[in-house]
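**Student:** Have a look at this one.
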Amino acid sequence: MGYIITVIIVLLIAAWLFGWAFLSKKRLFGPQGHKRHPDIYVMAMHGRVKKHIKKGGFDSLTQAEKVCWNVLWLWRLVQIGGFENYYGESFADYAPAAADGLEEIGAKRFADIVRRANKMFGNDRPPKTKELRKQQLEQMTEDDREFLYQLDEEFINCVDDFQVLLAEYIAAHRQEFLRA
């Protein structure tokens, strides 16, 4: 009897930890899903965007899906390894669009930081190819690198709640994500 109670308690705790949203797509994708679990909601919608990319390529995405894709990859890669990490990946091909996307979701502080990082390459934007960006990163002076590290810190410590802002943006454009 004690074993059964222990199992039930563990299952209840697991369900609470992972959120009831996993148990109900209707709750997660419903009009209030983004308020219950913004992080899970963003990841679920990002997964839908990934499916749309596999189906028709990046150009087949709606504007809202492009915003979600660009800003989430920017946010992830800078959080993991800073701007050098981000600019070393193909996702940074869309760095100016990512900055605009941050502005569009209401993350104005993040957008300002990204625009300042983009200016490090001249012409207000990094080169469009990963190889050219890597070359320019390798040629940066120590002062430039230090400035980029300062921007990393500013980005990581930014007080804007990125997940909530992105979840609210996605919820406002929900139909663009829920298309077939």
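The values are calculated or read from the model by the stated rules, or taken from the named source; none is laboratory data. Please read these numbers as outputs of a predicted model, since none were measured by experiment. Note that we place each Cβ from the backbone using ideal geometry, even for glycine, and neighbour counts take in every protein chain shown.
**Student:** Determine the pairs where a residue that is surrounded by 10 or more Cβ atoms within 10 Å (Cβ to Cβ) and modelled with pLDDT of 85 or more, located within region 37-57, has a partner that is assigned to a helix (DSSP H, G or I) and small (Gly, Ala, Ser) with Cβ atoms under 7 Å apart, the partner being 6 or more residues away or on another chain.
**Tutor:** If the second residue must be assigned to a helix (DSSP H, G or I) and small (Gly, Ala, Ser), the pairs left are 52/60.
**Student:** Given the criteria of a type outside the set (Phe, Trp, Tyr) and either at pLDDT 95 or above or in contact with a Ser or Thr (Cβ under 9 Å, 6 or more places away or on another chain) (or both), does residue 60 qualify? Give the steps one after another, and end with the answer.
**Tutor:** Values: of a type outside the set (Phe, Trp, Tyr): yes; either at pLDDT 95 or above or in contact with a Ser or Thr (Cβ under 9 Å, 6 or more places away or on another chain) (or both): no.
Criteria not met by residue 60.
**Student:** Okay, moving on. Is it true that some residue in region 65-73 is assigned to a helix (DSSP H, G or I), surrounded by fewer than 15 Cβ atoms within 10 Å (Cβ to Cβ) and not hydroxyl-bearing (Ser, Thr, Tyr)?
**Tutor:** Just the residues of region 65-73 that are assigned to a helix (DSSP H, G or I), to begin with: 65-73.
From the residues that got through so far, the ones that are surrounded by fewer than 15 Cβ atoms within 10 Å (Cβ to Cβ) too are none.
Within region 65-73 (the criterion being assigned to a helix (DSSP H, G or I), surrounded by fewer than 15 Cβ atoms within 10 Å (Cβ to Cβ) and not hydroxyl-bearing (Ser, Thr, Tyr)), the answer is no, since none of the residues qualifies.
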